[in-house]
Every structure is written in structure tokens, then in C-alpha cells.
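Structure first, commentary second.
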Amino acid sequence: MSYKVIARKYRPQIFSEIVGQQHVTRTLANAIQSRRVAHGYIFSGVRGVGKTTTARILAKALNCVKGPTAEPDNTCDSCREIAAGTSLDVIEIDAASNRGIDQIRELREMVRYAPAASRYKVVILDEAHQLTDEASNALLKTLEEPPEQVIFILATTRPEDLVETIKSRAQLFQFRALTFQEIVGEIERIAQAESLAIEPGAVAVLARAAEGSLRDALSLLEQAIAYGGDTITDAQVRELLGVVAESVLDDLVEAIDAQSAERALSLVHRLIADGQNLQHFCREAIRHFRNLLVARVCGADSVLITAPADERPRLAEQAARFGEEDLTRFFNILLATDDDLRRKPDARLHLELGLLKLINAQRLAPIEEAVAELRNQSGGAPRSSAPATPAIPSSLAERATPPARIVSTSASSEAAAVRMARVAEPAAPVAAVAPVSASPVPAQSAPAPVPQVAPPAAEGIAGGMASEQVDAIKAALQGQKFLWSMVEHATRWEIEAGELRLFFPTESRALADMLQARDPMERLRTVLRQVVGQPLRVCVKLDSVRTGVVQGSELRTRFEENPMVRTMLEKFGGQISKVKHPGEE
């Protein structure tokens, strides 16, 4: 008898032997026992997770001499013929090579006839998503109303490419990729059955390389047996698959921990000298730092870690050296480096650049610490000599006018300037900062608020309304924060002939428009009626005269005296070259 490879030798023959797809096998078994078997199924999932195997077991379960049964005996003629692929009533078609309309027409003719020797005729259409549009349309009617005793099973790795009309005519089962632990368990079981001596590290390498596919894992195991014989070591498997040793990843961690660029660059040189694939190394580094991040967040005993038990103490020790934020940053840098290695030439250059980023990543202070440092150096939150006014909600500020910002005139200070905190005040000015040095700017700098220039207080109301009534109206409006956030920016209040006029500056046009909406206007009239004792009409207008604008010299002085601005200038290097209001050229 010819040799049978491990993937075929240990292929599951009953539902209970299928690994990791209990949600599918349980549903099919219950359907068989309750005699509710559908006429069409779609099995979707990545390669090597049991789609075709499950289809064959379903065919055996339906045609077993003891059946239909959820547990075929695998000894009757029907079960043995289906397992051997010689059954006349189980038709397997590779849609990748038989994808045209002519093949589907032949299939329609075949299924018109009753089963030759079995209870059901089962059609297994593999890679069904590769059918042409014409072939799919030709299959539709037969799939919707198949002849008696005919069952269609469509297996596909890309269910999204199937036409919707086909998917609507069949039951869809999603096969999931197997976990690291499930593949490790199967490799160890088969290795024991084959009397193989295999190291845990080798098992872990095979399981990770399989990427969720048990068939791929068994094919790699077959390759390892051919390479190393009955004794398979971790070093042999890594050499066979081109996977770097864990010691190389440990050296990378040590270089990052010591912030040694020399050690990182020497590591790249050693990989090239050893003939290692640099992208494979990068992906191994991604896997390693992902394990470190999981160990840091969930603990070294987490099932989410793709590593054997003997490696977990080492992972826990390395994870403890870095913070969660550092490990997240490392992870993102390696993902970007892997993308560069895949898309751009000169792999060595991009890998060296990526490792240098890892070395310097810890030198970046978290943004929260930078903010706290700036505030401490400036003696607290910035204050303006102008009278303070309640800030409007950020959502309203964004809809009103652009927030204040500091604009840099050179690349060296641009990163720091752009990250300055925004002020919600609509009339806030803009300052331009000119650098005085070319010192490098950290990649992440702290946001810091710029001084606010408060709008002038609303002028008195003409027309005989007492100031007490004005104060009472304001007090009542302040109790309704949403309404007051709009009304407070009125620069003038006038009342005449039963009409209240509110004047807004042109830069607050958006707030004026919002106040004229039905709901805010009704609420404002209600407050006025309650305070004044009689209904008042409300008229909202734009004030064409800009009152209370701070002159440029006074505005510049306020910026220069602001503690936060002084701290930023000292920290990043620069000087204020110009201060202007929004919209000014």
C-alpha cells in the first residue's frame, strides 16, 4: 500500500473528531437526528479548517446503512466508498477548474437521476466562489428546488464572492480558524501516535506558522519529520522554516531596554550574515511583542499568548520592563515597519529605521506627563488679565468659529506649535511663533492652552428696563446652560416697544443662527415672560461695529506675559513674531 501523508492519515471520520468546529458539527448532528436536513449548505472559512472533511462526514451520516445517523459506523460499504472517494452518489467538483456554465449544465443533468445505491445523492462543490456569473445563474433554480434526495454542499474560502441569490438559498456555516492551543494539542496527539520525540518549542513554531489551519500544521509536521526524523528539535524546525531563534528576539528586547542603537543595528547585520529573511524576522518580532503586550495586560498565564508554558516566565519578565503604553508603541512601530518591508525596496534600510524608532520610542514622554510638566513650570493654568467669561461647549465652539491656535513659521517648531491646546472662545486671537534655534522637537508634545481674550460685557439695555431686571434675566438664563452658552456672547441688549434686540459680533454668526432656531427661541421667550411679567418679542442681529477688540500691542503683551506661553517658548525654543485676530491677513 502506498504511503499516506499525515494530513490524510489522521483526517477526521466522524463529527466528534473535527477540531474546533463544534458549533457546526452539533448543528448538523441535531438536524440529522430530527430529520431536518436542508437541501443546501454553504461551508465557509479559511483553508484547512475542516470544510470538505465535514461535508464528507455529512454525506456518510446521511447514507450510512445504520442511518441517517449522526455517528456513521465507517464500516459499511457506503461509508467506506465515501471515505475512499469512489462513491457514485457523492459527487465532488472542484469549481476552480470546473467553473463554466457547461460543467454546471452537466451537473444539473446528473442530479436529475435517483441515487445509484445510496439514500441521498450529495454534491460537494469546492471553491464555489470561483464559479462564473453564468454558471452561478444556471445553478440557482436547481439549488432552490433540487430533485428529491439531492443535497448540495458548497465549500468556499471567500463567501463574500458568492452571489447573494445563492447564499439566500442555502444555510451558511462559518468555520473559524483554530486557536494556537488547539493546533498544539493536535500536533502533540499525532506526534505521540507516530512515536515522535518533538520539543515543545518546535510544536509552538509549527502551530504559529500554521496560522489557524490544522492541515497546514500537519503538512509542516510532515516536512519536519522528513528533515529531522523521529526526533524533532526547536532549532531544526526554525532552520527548516526560516524562523529566527528566540534568543534573537531576546537580544532585540535587551537592545530596546538599554536604548542601544548600536546593538540594534548589529542585530540587523547578524541577520543578513546568517541569511535570514528580514521580513520574517519583523513578523516574528511582531508576534513576540504582541505576546509581551498580552502578558502585561492579561498576565503571563493568559490563553491569548501564543507560546508554550516553558516560555511564559521569560515573557513575564520582559513584559515587566516596559509599560503598557511603551509596548503598544513598539507594536505599532513594528506593524508600520512590516508594511514598509513588504511595499518598498531596500529591506535592510527600512528594518534599521524601524529598530531605531523602537530604541528611541521610550524617550517620548506621555502626553499627560508633558501637560502636567508644562502646568507645573508655568505655575498652574494660564490666566488672562481680562475678565473671565464662561466658555461655551466645545461642540458649539467648533460650529461657531475656528479655535485659537499658534502657527509656527518653520518646520522645527511646527510640531510643537500645532499641538497647543485649543481655546473654545470664538474671538480668540492667533499668534505666530518664530523659532530662534533648530533644536529637535519631540514627536509628542504637550497641548497647552493659549490665553483667552474675554468678550466685553454686554452693554446696558435702553428703553426703561431696570438693571435689576437685566440681572434677573441673566441669572435665569444662566440656570439653562445650553441657552446661556449662546446668549452670553451678545455684545449689546436693547429693548423698545415690547421687543428685545440681541446684537452678536460677526464672528459669532453661528451662535446667532442657532439662537434663532425654534426650540432655543421659545425657551428664551419663556424666561423673559417669567422675569419681566409680559411677553416680549426677540430679535437677533449681527453687530456691524466690532466693539471691545483688544489692540495688537495690548494683545501681544498679554501673550508675552502668559506663563504657559513663556514655558513653551523656553521648552521648544522660539519667539512671538506676530499676534493677530482670526480672519486677519
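Some points to look at:
- Boolean, GLU324 is touching a Lys or Arg at 6+ places or on another chain (Cβ under 7 Å) and either at pLDDT 95 or above or surrounded by fewer than 15 Cβ atoms within 10 Å (Cβ to Cβ) (or both): yes
- Against the list (1) free of Cβ contacts under 8 Å to residues at least 60 places away in the same chain; (2) crowded, with 20+ Cβ neighbours inside 10 Å; (3) in contact with a helix residue (DSSP H, G or I) (Cβ under 7 Å, 6 or more places away or on another chain), the condition CYS282 fails is (1).
For every residue, the table says whether it meets (1) in the same structural domain as PHE289 (by TED's automatic domain parsing); (2) part of a helix (DSSP H, G or I); (3) without any contact (Cβ under 8 Å) to a residue 40 or more places away in the chain.
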position	(1), (2), (3)
LEU218	no, yes, no
LEU221	no, yes, no
ALA226	no, yes, yes
VAL237	no, yes, yes
ASP251	yes, yes, yes
ASP257	yes, yes, no
GLU262	yes, yes, yes
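- Scanning segment 168-216 for residues that are closer than 19 Å to ARG238 by Cα and outside any helix (DSSP H, G or I) yields a count of 7.
- Here the condition is being in the same structural domain as GLN22 (by TED's automatic domain parsing), part of a helix (DSSP H, G or I), free of Cβ contacts under 8 Å to residues at least 60 places away in the same chain and more than 37 Å from the chain's Cα centre (by Cα); of THR165, THR142, it holds for THR142 alone.
- Those helices (runs of 4 or more DSSP H) lying entirely in segment 1-115 with at least 3 residues surrounded by 13 or more Cβ atoms within 10 Å (Cβ to Cβ) and under 45 Å from the mean Cα position of the chain (by Cα): 6-9, 22-33, 51-63, 101-111
- Residue in segment 540-558 that is at pLDDT 80 or above, in contact with a Leu (Cβ under 8 Å, 6 or more places away or on another chain) and among the hydrophobic types (A, V, I, L, M, F, W, C) present: yes
The values are calculated or read from the model by the stated rules, or taken from the named source; none is laboratory data. A quick note: this is a predicted structure, and the numbers were derived from the prediction, not measured. Glycine also receives a Cβ, built like all others from the backbone with ideal geometry; neighbour counts cover every protein chain displayed.
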